[in-house]
Amino acid sequence: MSDTVKYQLDEEHLPKHWYNINADLPVPLDPVLHPGTQQPITADELAVIFPRAVIEQEMSTEREIAIPEPVREVYRQWRPSPLFRARRLEKALNTPAKIFYKYEGVSPAGSHKPNTAIPQAFYNKIEGVKRIATETGAGQWGSSLALAGSFFGLEIIVYMVKVSYNQKPYRRAFMETFGAQCIASPSTTTASGRAILAEHPHSTGSLGIAISEAVEVAAQRDDTKYALGSVLNHVLLHQTVTGIEAMEQMAMAGAHPDMIIGCTGGGSNFAGLAFPYLGKQLREGGNMQFIAVEPSACPTLTKGLFAYDFGDTAHLTPLCKMYTLGSSFVPPGFHAGGLRYHGMAPQVSHLAKLGYISPRSYNQLECFAAGIQFAKAEGIIPAPESNHAVRAAIEEAEKCRESGEAKTILFMLSGHGDFDMQAYTDYLGGKLKDLVYAESEVAMALAGLPSVG
């Protein structure tokens, strides 16, 4: 048998619906609160920054939500994405485990992010919006929204976390190629950015700061809305195309996962793969394990508090119940910029709190080592974020080698690392080190959590 085993669905199997896990939660989510009144936020209040269709999806409890045909037309450029059996990696590890990975690096932006960028741009376009403001960490989300804006004729403004803006110039070039404006955050273009720079002139930025700047810009003009690439319910909903496809592809392989693994920053790519499986398990029973992997330098799920907090640093966003390190926390500048967020998706947080999701964290160097080990076996260089999922998959396969159990592992390879080669150059040159967050800074940030009655 060939070492390369690829399970590819044709266009006829492109999902027609997204899956909404809100329909199957054993306990409903805590409501999102207005930051001023601390009352459950209304659709009219959210309409200041989001289009109506997105708000409806955010609040929906319907199990299936139809994917508009114009969105499916764009999806067809790369979806359904392939699922691979990692036979060469299995041989290299000498493990009885079966390892599968769903590969989202085949999208035009090289990651899973277009799965939500395309529908968000579409819904803004049909509502008459002219401009979208957003933030990005490592640049995958900014790249994807720039692409989507180009498809639907929208102006895109991206506030990119400054450390990643400097680390990843090719991501900036990608955004600008598609016509987006990319600004290093914190910047002097917004009041929230200027306030941060006044207090911290050399700030490397954070996703919380960049969100503040983008939300501020969106709220200033009627023709402008805000778009978020992770965390919120509608974003996780859009990502479930990956899990829906994977369920059919795993059936083609005659296999069923014992565990599902994904990296988590805001939670969307993990949820996209895991939620269709988890929802079925909630409805029908089962014993699959769902492993959410985060960086040890920004350990939201493993070290944070489950509490109401702001999604941004300037406290312009609604209050969400989630695992958080505090909205003012600025993580160290490690290379997995897409995982440098102080909070976690409310749905992922809720299910982790209930015990349905098992979080773990790893240091930067062991994740890069795992990524290189994977690349040598499978021929794909993973994004630094994806390396966290790779590391967990390898660890679980090694456990199978020791125990003799032939478990089936499915993980999300959320994107390729072709724009992140400087990170690999630094790693191979011995220039990277494991960064440690300051516990005192987390304590200060958590001390500033809003008091919610």
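Rounded is the label for the chain, because a/c, from the alpha-carbon gyration tensor with a ≥ b ≥ c as root eigenvalues, stays below 1.5.
Each of I291, I209 has some number of other Cβ atoms within 10 Å of its Cβ, and from fewest to most they run I291, I209. Rounded, prolate or oblate: which fits segment 305-377, taking a ≥ b ≥ c as square roots of the Cα gyration tensor eigenvalues, rounded meaning a/c under 1.5, else prolate when a/b beats b/c? In terms of gyration-tensor shape, oblate. Paramagnetic label reach from A369 (point 7 Å along Cα→Cβ; backbone nitrogen cut-off under 16 Å): within segment 387-414, residues 387-399.
Computed from Cα atoms, the angle from the helix 364-378 axis to the main principal axis of the chain rounds to 50 degrees. In summary, the aspartates and glutamates within cross-link reach of K130, defined as a Cα separation below 17 angstrom excluding same-chain residues under 8 places away, comprise E155, E216, D222, D223.
Here's the picture: a label point sits 7 Å out from the Cα of D3 along the beta-carbon direction, and within segment 64-98 the residues with their amide nitrogen under 20 Å of it are 83-98. Each peptide in 350-363, 179-192 receives the mean, over its residues, of other Cβ atoms within 10 Å, and ordering these scores from highest gives 179-192, 350-363. The stretch between E284 and W78, if pulled fully straight at 0.36 nm per residue, gains 71.0 nm over its current Cα-Cα span. For A251 and A66, the FRET efficiency from 1/(1 + (r/R0)^6), where r spans their Cβ atoms and R0 equals 25 Å, is about 0.60.
Quick note: the coordinates plus some simple rules give every number you see, no bench work behind them. Everything numeric in this text was worked out from a predicted model, so none of it was measured. FYI the Cβ positions are ideal-geometry reconstructions off the backbone, even for glycines, and counts take in every protein chain you see.
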